[in-house]
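Here is the structure we will look at.
Here, each number is a calculation from the coordinates, and none is a lab measurement. Computed from a predicted structure; not experimentally measured. Positions of Cβ are generated from backbone atoms using ideal geometry, with glycine treated the same way; all protein chains shown enter the neighbour counts.
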Amino acid sequence: MLSLNHAVLPLFRSLWLDWLDIFLQPLLHGGAALVRHGEGPLLFHFAELIAQLAVPQLGVDGAGSQIDLLRRGHHDRRGDAEAEQAAAAGKDVVVLKRVKRRKEDLHQSFISSSISPMSSPNRLRASSTGFVVLMSEEKAAELKIKTADLDVEILSGMDGLLAAASWKDSQIVVTAIVGMIGILPTIEAIKAGKDIALANKETLVTAGHIIMPLAEQYKVSILPVDSEHSAIFQSLQGGQRKALHKILLTASGGPFRGKKREELTGIQVEDALKHPNWEMGQKITIDSSTMVNKGLEVIEAKWLFDVSVDQIQVVVQPQSIIHSMVEYEDGAVIAQLGTPDMKLPIQYALYYPERRYLPGDRLDFSTLSQITFEKPDMETFYGLKLAYEAGRKGGSLPTVFNAANERAVAMFLGRQIAYLEIPEIISACMENHKNIADPTVEEILKTERETYEFIKNRW
């Protein structure tokens with residue numbers, strides 16, 4: 001069984017056309033999916049706190065309308081005109097729809113924010129039983145009244161997230177929830193014995209010292225969904241982990257690769273949102289342009305692969321063909337290559353350790369003209385340098401780094417600050433903070449609040 005957790009974003013878009021049309025999608029009111037393996041319903045929930053904050057939307061703008069089935073090379077898809085119309089009208093609600101296929105395949109149900117409130121009860125009536133989680137208690141209560149005649153459980157808030165994350169019939173939980181609010185559901189899922197397919201950077205960046213020992217204690221796997229971390233994970237298969245010397249974490253360089261600080265003075269939001277290779281949500285696209293995203297990935301990799309940050313070297317690979325590499329003690333380097341989209345890393349996490357046929361584009365080495373490498377400019381893009389500092393010192397400092405960046409990016413997107421103020425705010429927050437060596441979850445969340453307050457009072 002497989003549960004696709006909070007804010008499941010455009011997952012497998014273009015598995016023929018779309019596999020999960022809402023998997024990693026940054027919405028102010030996010031969507032999520034329920035996946036099943038076999039006959040028992042798995043899980044999933046919907047939540048409204050995606051907040052344009054982070055994770056790739058993979059070319060999908062607005063709420064997704066359909067989750068389809070990945071079957072051994074076959075993709076079954078049904079269109080949903082009503083969903084598209086509702087999305088275009090800016091409406092958002094929760095709809096659960098179940099798709100049942102052969103026992104051995106991945107099965108999904110979905111909750112979509114693209115159906116109008118009036119139609120959602122009807123949609124639920126047409127589906128099998130399931131359960132839904134909304135962050136808004138008010139909307140959950142409204143939906144509960146409208147679906148009182150149905151065998152559908154409507155939950156809300158953090159209690160709902162925790163219930164979804166630990167649901168007894170699920171085997172793997174895909175955590176794509178945005179922000180540090182993902183920490184507690186991830187902990188709950190681990191304690192319930194669920195493997196974690198991780199698409200949430202903040203959980204390990206801020207609480208890796210809690211999450212990884214806990215996963216080991218409960219003997220659950222943490223499977224990376226990020227393309228770079230998936231590439232590292234794949235490159236480590238079959239190798240001697242103890243012989244790992246270095247991780248080579250690749251970066252595209254973003255839209256401002258090669259530019260110097262003085263050339264970034266007048267950068268506008270529209271400029272920073274023009275990524276050369278990837279179609280992503282606003283927050284992660286801005287993070288890519290500042291290279292802060294790569295810094296977050298460095299800290300995440302530290303925890304995922306049990307290495308020091310100084311064993312992680314960022315390498316700019318502008319074509320986004322090599323997604324990351326590992327170097328062993330004997331000098332051998334193993335790389336994972338592929339086209340720049342998220343279908344493969346997501347599928348790999350969901351089916352691991354199996355590999356399944358995946359429709360879509362393949363690398364054509366007969367036409368591939370070049371693969372080039374560059375050293376990152378950590379003076380111009382010093383958000384990456386700050387990430388290394390936070391990763392080395394550890395404690396609560398990575399929380400400050402993440403929270404400060406999160407708030408600074410939101411302010412830039414809201415045209416409240418200049419582009420170059422993003423790393424300045426991060427640096428000021430880190431300098432202001434008194435580091436906590438081994439913070440609890442409560443201290444992590446308190447540090448986040450204090451960072452936000454510091455920014456509010458100063459900017």
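Test of understanding: ordering D195, D271 by Cβ neighbours within 10 Å, fewest first, what list do you get?
On the way: D195 21, D271 13.
The fewest-first ordering by Cβ neighbours comes to D271, D195.
Going by how many other Cβ atoms sit within 10 Å of their own, how do Y352, Y357 line up, fewest first? Display every interim value, and only then the final one.
On the way: Y352 18, Y357 10.
The order, fewest Cβ neighbours first, is Y357, Y352.
Here the Karplus curve 6.51 cos²θ - 1.76 cosθ + 1.60, taken at θ = phi - 60°, turns the phi angles of segment 165-174 into couplings of 5, 10, 4, 4, 8, 8, 10, 9, 10, 8 Hz, with x standing for Gly and Pro. For segment 376-439, the percent of C-alpha pairs falling in each 5 Å distance bin, counted from 0 to the bin holding the largest distance, reads 4, 20, 28, 23, 16, 7, 2, 0.
Can you give me the relative contact order of segment 202-359 as a percent, contacts being Cα pairs under 8 Å and 6 or more apart?
Values: 205 pairs, mean separation 55.8, N = 158.
It rounds to 35 percent for segment 202-359.
For H229, neighbours were defined as the other residues whose beta-carbon sits under 10 Å from its Cβ, and their charges (Lys and Arg +1, Asp and Glu -1) total -3. Amide H contacts of H245 (H built 1.01 Å from N, in plane; Pro and chain starts excluded): E327, Y328, E329 sit under 5 Å, all sequence-distant by 5 or more or on other chains.
Pairs to check: K191/K302; K201/K456; K274/K385; K144/K446. Give those whose C-alpha atoms are more than 31 Å from each other in this structure. From the list (K191/K302; K201/K456; K274/K385; K144/K446), the Cα-Cα distance tops 31 Å for K144/K446.
Taking amide hydrogens as placed 1.01 Å from N in the peptide plane, the amide H of I417 sits under 5 Å from those of F412, each at least 5 positions away in sequence or on another chain. Panel order for R407, R241, by other beta carbons found within 10 Å of each beta carbon, from fewest to most: R241, R407.
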